[in-house]
Amino acid sequence: MACFTFLSLTMSLISCSTGGISISDGEAAAVSAPSTLAGKTYRVTAESGSGEFSKTGTFTVVFLSSQPWYTTQGDGVNFGDSWGMYSYSYSGASGTVEVTDSVGGSIAYSFTFNTAISGTYVATETTTAGVNSTQAGTFTEL
């Protein structure tokens, strides 16, 4: 069960038992990144990019229940479809996903949850040729 509101938390929340948000005296408690990505699906929107990364576009990433695999479905313009393996770590509202992608190679995604189901990310990659690529944007759990 997912809670509504992804990009910014500006109103009082009622309660979300599975999303890491709780209410205390009308104040929203700190948001936590999920303990696992397995079984979750996110819509990712690029808002800027450099190097070999797209500057705009969207893709959907599905973290399979059978860890550590994922698949992506690109928008067909800026992102293609891919798959690969991932590792995940988190602390507080922040997390890191390191992927070995069938198309993009090794990429590190650093992200921050602003709500229980959404936030911002920065992706980085340095190729063996020394090309540094970065991308930033938003994500929302579907």
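The values are calculated or read from the model by the stated rules, or taken from the named source; none is laboratory data. In this text, all values refer to a predicted model and were calculated from it rather than measured experimentally. A quick note on method: Cβ atoms are made from the backbone with ideal geometry, for glycine too, and the neighbour counts reach across all protein chains shown.
Points to keep in mind about this one:
- Residue satisfying condition, being surrounded by 14 or more Cβ atoms within 10 Å (Cβ to Cβ) and part of a loop (DSSP other than H, G, I, E, B), within set Ala38, Ala46, Ala129: Ala38
- Checking Thr128 against (1) touching a residue at least 12 places away in the same chain (Cβ under 8 Å); (2) more than 13 Å from the chain's Cα centre (by Cα), the condition it does not meet: (1)
Here's the yes/no breakdown for (1) surrounded by 15 or more Cβ atoms within 10 Å (Cβ to Cβ); (2) more than 26 Å from Val31 (Cα to Cα); (3) under 12 Å from the mean Cα position of the chain (by Cα):
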{"residue": "Ser50", "(1), (2), (3)": "no, yes, no"}
{"residue": "Phe63", "(1), (2), (3)": "yes, no, yes"}
{"residue": "Phe79", "(1), (2), (3)": "yes, yes, no"}
{"residue": "Ala108", "(1), (2), (3)": "no, no, yes"}
{"residue": "Ala123", "(1), (2), (3)": "yes, no, yes"}
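- Restricting attention to the range 92-106 and to residues that are modelled with pLDDT of 95 or more and among the small types (Gly, Ala, Ser), the residue that is farthest from Asn78 (Cα to Cα) turns out to be Gly92.
- One residue from Tyr70, Tyr86 being of a type outside the set (Gly, Ala, Ser), at pLDDT 95 or above and in contact with a Pro (Cβ under 6 Å, 6 or more places away or on another chain): Tyr86
- Taking the criterion of being among the β-branched types (Val, Ile, Thr), out of contact with any strand residue (DSSP E or B) (no Cβ under 6 Å at 6 or more places or on another chain) and over 12 Å from Ser32 (Cβ atoms), the residues of the range 83-128 that qualify are Thr127, Thr128.
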